[in-house]
Amino acid sequence: LIEAKAPLSLLIEASLPWLFSSKFLSHSHNFQKQLTEMTNDPYPQSLIGYFGQLHVLENFDLMNTLSSIQTKFLLLAGEEDLTSPAILAKNMHEKLPHSQLHTFPNAGHMLTIEEEQAIIKFIENFLK
């Protein structure tokens, strides 16, 4: 789509299922709201930024070093996250000695939008 110079709205529409759960997107008002907000973002991420993220996802791996980290971690993952699958958070949780993990069964990558209030409560409790 990028190489074909597709309109931004089409690129965003194609990316929404990678970011949000099927339950969230099944409500047409959620789909339309996210499409509108992302299309009209005054500070959109550049293509270089997107490609940089993809490069890191494909090439950067610190899993072997996680067991040495002594900092407390709160891991939150959407079980419908296609970008960073929940199994990655589960694997990190197993290796991080002081981590807490919570997964959201009906959420995708954009947890802060789909599960905003629950995320706030988890973070507040974690920071206490």
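The combined condition, being in a loop (DSSP other than H, G, I, E, B), surrounded by 12 or more Cβ atoms within 10 Å (Cβ to Cβ) and modelled with pLDDT of 90 or more, is not fulfilled by E13. For region 86-98, the condition of being of a type in the set (A, V, I, L, M), open to solvent by 80 Å² or more (accessible area, probe 1.4 Å) and either under 18 Å from the mean Cα position of the chain (by Cα) or within 30 Å of L8 (Cα to Cα) (or both) holds for at least one residue.
Only one entry in L66, L57 is over 22 Å from E116 (Cβ atoms) and either assigned to a strand (DSSP E or B) or touching a helix residue (DSSP H, G or I) at 6+ places or on another chain (Cβ under 6 Å) (or both), namely L66. From the list L82, L57, the lone residue that is within 27 Å of E124 (Cα to Cα), open to solvent by 50 Å² or more (accessible area, probe 1.4 Å) and at pLDDT below 95 is L82.
L62 fulfils the conditions (1) more than 23 Å from S26 (Cα to Cα); (2) at pLDDT 95 or above; (3) loosely packed, with under 13 Cβ neighbours inside 10 Å except for a single criterion, (2).
Output the residue which, of all residues in region 86-128 that are of a type in the set (G, A, S) and free of Cβ contacts under 8 Å to residues at least 24 places away in the same chain, is farthest from F24 (Cα to Cα).
A89
The values are calculated or read from the model by the stated rules, or taken from the named source; none is laboratory data. Small disclaimer: the values here were computed from a predicted structure and weren't measured. Note that each Cβ is placed from the backbone with ideal geometry, even for glycine, and that neighbours are counted across all protein chains shown. Remember, those area values only see protein heavy atoms, side chains included, never the ligands or the DNA or RNA. Shrake-Rupley method; radii C 1.70, N 1.55, O 1.52, S 1.80 Å.
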